[in-house]
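Below you'll find the structure, written out as C-alpha cells, and then a few comments.
The values are calculated or read from the model by the stated rules, or taken from the named source; none is laboratory data. Fair warning: this is a prediction, and the values are worked out from it, not measured in the lab. Quick reminder, even Gly has a Cβ in these numbers, built from the backbone with ideal geometry, and neighbours come from all protein chains shown. Ligands, DNA and RNA are excluded from the accessible area calculation, which covers all protein heavy atoms including side chains. Shrake-Rupley method; radii C 1.70, N 1.55, O 1.52, S 1.80 Å.
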Amino acid sequence: MTTHLALLRGINVSGHNMIKMEALKTTLEAIGFQNVQTYIQSGNVFVDSEDENAASVGFKIKQEIFKAFGHEVPVVVIGKADLETCFKNNPFLKENDLDLKKLYVAFVSTTLRNDSMNDLKMSQVKPDEASIDANKIYIKYAVGAGKTRFDQKYIEKKLNVTATIRNWNTVTQLLKLFEANLLTSIEVED
C-alpha cells in the first residue's frame with residue numbers, strides 16, 4: 001500500500017468548483033482508495049492505494065471528480081519524498097530574514113528539464129524569484145502571491161505542464177500530516 005498526496009487545483013476558490021471535503025472523501029473511498037484524509041478546503045487529499053504510480057492515481061482521482069461533481073480539476077500527485085525534498089533543496093530557506101509568507105512551491109505534473117528556467121522567462125515577472133528542482137518550482141514572491149503574474153497559469157503556459165501552488169505553511173503542514181498518516185498506517189498494520 002502506497003500513500004499518495006493528491007493536490008487538486010482550483011477547487012473551492014471564490015465560489016468555483018465547489019466540493020465538500022466529506023463528499024470527496026466518500027467518493028474516493030467508493031472507488032477503492034483507503035485511509036482518505038483531507039487537509040483544508042483547498043484540495044489536499046491523502047489516499048492509500050495498491051497503485052504505486054502517482055500519475056495513474058492522479059488520473060483516477062481526476063476522472064472520478066469529473067464523474068461525481070462535474071468539475072474538470074487538474075490533479076498533481078506527490079509523495080512524502082517530494083515534500084521532504086522541499087525542505088532540503090529550497091534555496092530560499094538559506095537566506096537571512098526570509099519572510100516565509102512570501103515563500104511558495106509549485107508542484108508540476110512532470111520532471112522538468114535542466115533548462116526549464118530559461119522557458120519561464122523570469123525577467124517578465126521580476127522581482128519575483130524561482131528555482132527549479134525536478135517536479136517542483138520554489139518561488140519567492142517580492143510582494144505576495146496575490147499581486148504577481150507568476151502564478152500557476154503563467155507556469156503552465158510557459159512550461160506546458162499542469163501546476164498547482166501551495167504556500168510554505170501548507171507545505172510544512174502537509175509534511176507533518178504525511179508523517180502522522182504513515183505512523184497511523186504502520187500502527188494499523190501491526
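With all projection directions averaged, the alpha carbon convex hull of the stretch 1-72 covers 4.1 nm².
Residue by residue, the stretch 97-108 carries 3J(HN,Hα) couplings of 6, 6, 8, 4, 6, 9, 9, 9, 10, 9, 9, 10 Hz when phi is fed to the Karplus relation 6.51 cos²θ - 1.76 cosθ + 1.60 (θ = phi - 60°); x denotes Gly or Pro. In the chain, the inverse of the mean reciprocal separation of distinct Cα atoms equals 17.2 Å; this is its Kirkwood hydrodynamic radius.
Protein heavy-atom accessible surface, 1.4 Å probe, per residue over the stretch 14-106: 55 Å². For the set Lys60/Lys80; Lys101/Lys158; Lys102/Lys176; Lys136/Lys157; Lys80/Lys157; Lys20/Lys147, the pairs lying more than 18 angstrom apart at their alpha carbons are Lys60/Lys80; Lys101/Lys158; Lys102/Lys176; Lys80/Lys157; Lys20/Lys147. Couplings 3J(HN,Hα) of the stretch 73-82, computed from phi: 10, x, 10, 10, 10, 10, x, 4, 4, 4 Hz, in residue order, whole Hz [Karplus 6.51 cos²θ - 1.76 cosθ + 1.60, θ = phi - 60°; x for Gly and Pro]. Summary: within the chain, the longest segment free of GluC sites (Glu not before Pro) located in DSSP loops with at most 14 other C-beta atoms within 10 Å is 96-190.
By accessible area, using a 1.4 Å probe on protein heavy atoms only, the chain has 48% of its surface on carbon and sulfur. Determine the relative contact order of the chain: mean sequence separation of Cα pairs under 8 Å and six or more apart, normalised by residue count, in whole percent. With pairs under 8 Å counted, the relative contact order is 21 percent.
Database remark: amide H of Asn135 closer than 5 angstrom to the amide H of Leu112 (H placed geometrically; neighbours at sequence offset of 5 or more, or on other chains; Pro and chain starts carry no H).
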